[in-house]
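Take a look at the structure below.
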Amino acid sequence: MLDSPKSLLAEIGAEIAAGNLIPFLGPDSLRMEAEPPVPVGARALALALVAKVGVPGRIKNNLWHSAQYIETHKHRMTLDRLMAGFFQPVPEPNALHRWLAGLPRLPLVVDTWYDGAMKAAFEAAGRGNWGIVQGCSKARRLDGGVWTRAVSPDGATVGDDVADGWRTVLYKPHGAAQPTGDVLVSDSDYVEVLTDIDIQTPIPQVVKDRRTGRGFVFLGCRFYDQILRTFARQIAKRSGGPRYAVVPDDLTRNEWKFLETEGITPVTLPLAEAVALMSTARPA
């Protein structure tokens, strides 16, 4: 635990601005200023799904099992339609999104939720030379990208060589509601990804390239589920370090253990306060 996190956060902010640390956003980052118009977190989304379609009680709190039940018994189109409805509203970009969108030297942002707030922030900032690389559901995988696809802000699929040239890549490993509506959410979406993720096959090359020699900062992330921990571990794998996480003080024992095992330094502070400290720092 850190005794004086404020000076460290200023350093972290300067390193993010310089392009040396990669921000890794979790769904709780959406709650930094106000409650957003979309479900926040796997548990909340699971409850939203089962409120629309009844599932067995034993799985109703598990997002991926509940989504698989709906996909199996009501068809994938039903699941996709529900997800599109939940995430059709775009949360207003908050101070974190606006700060990151205004950093011209930022090579990569990892955004692990389905919403369009970070995309909206880039567009509001008038940024050019950026785009999205997103995970593809098993139902919609394309010949040109088995695991992921590169997408321009207007929703056009582009080649990996185009993504290589973007100044900033917005990486959405679980898919994105905007602009394509293609999301990973059911067990069948994840089974092959999780089988191969240890050997890094599902991680796009542009992400592998841009994490090299850089560290990560986890913001608004929780690690209470194995899928969440696995994606965080494998995306940050083989990065240069260091690694930090701005966290609340109510993490579970498994979450604290994960941070320790992965060499992630926790900074226990409200996210809004942490962002205020980071965003005033000048690039290193």
Looking at the range 138-146, can you tell me whether even one residue there is surrounded by fewer than 23 Cβ atoms within 10 Å (Cβ to Cβ) and in contact with a strand residue (DSSP E or B) (Cβ under 7 Å, 6 or more places away or on another chain)?
yes
Output for the range 252-277, where each listed residue is within 15 Å of Pro242 (Cβ to Cβ), under 19 Å from the mean Cα position of the chain (by Cα) and assigned to a helix (DSSP H, G or I)
Leu259
Checking Tyr224 against (1) farther than 30 Å from Gly159 by Cβ; (2) at pLDDT 95 or above; (3) in a loop (DSSP other than H, G, I, E, B), the condition it does not meet:
(2)
Please verify whether Ala95 is of a type outside the set (D, E, K, R), surrounded by fewer than 20 Cβ atoms within 10 Å (Cβ to Cβ), in the same structural domain as Asp115 (by TED's automatic domain parsing) and at pLDDT 95 or above, treating the condition exactly as stated.
yes
Residues located in the range 224-256, provided they are over 24 Å from Met278 (Cβ atoms) and touching a residue at least 60 places away in the same chain (Cβ under 8 Å)
Asp225, Ile227
Pull up the range 197-221, narrow it to residues that are in a helix (DSSP H, G or I) and of a type in the set (A, V, I, L, M, F, W, C), then point me to the one that is farthest from the chain's Cα centre (by Cα).
Ile199
Determine, yes or no, whether Leu259 is aliphatic (A, V, I, L, M), out of contact with any Pro (no Cβ under 8 Å at 6 or more places or on another chain) and under 30 Å from Lys60 (Cα atoms).
no
Just to be sure before I move on: is Tyr114 of a type outside the set (Val, Ile, Thr), assigned to a loop (DSSP other than H, G, I, E, B), closer than 20 Å to Ser186 by Cα and assigned by TED's automatic domain parsing to the domain that holds Phe218 in the structure I sent?
yes
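Let's see how each residue does on (1) surrounded by fewer than 22 Cβ atoms within 10 Å (Cβ to Cβ); (2) in the same structural domain as Lys237 (by TED's automatic domain parsing):
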residue	(1), (2)
Glu11	yes, yes
Ile16	no, yes
Asn20	yes, yes
Gly26	no, yes
Leu30	no, yes
Ala34	yes, yes
Ala44	yes, no
Selected residue (criterion: surrounded by the fewest Cβ atoms within 10 Å (Cβ to Cβ)) from residues of the range 153-173 that are part of a loop (DSSP other than H, G, I, E, B) and modelled with pLDDT under 95:
Asp154
Got a number for residues in the range 172-212 being on the phi > 0 side of the Ramachandran plot and without any contact (Cβ under 8 Å) to a residue 60 or more places away in the chain?
1
Can you spot a residue in the range 172-193 that is over 26 Å from Asp28 (Cα atoms) and among the acidic types (Asp, Glu)?
yes
If I ask for residues that are within 30 Å of Ala236 (Cβ to Cβ) and surrounded by fewer than 20 Cβ atoms within 10 Å (Cβ to Cβ), which ones from the range 65-79 would you list?
His65
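The values are calculated or read from the model by the stated rules, or taken from the named source; none is laboratory data. Just so you know, these numbers come straight off a predicted model, no measurement behind them. Here Cβ is always computed from backbone atoms with ideal geometry, including for glycine, and neighbour counts include all displayed protein chains.
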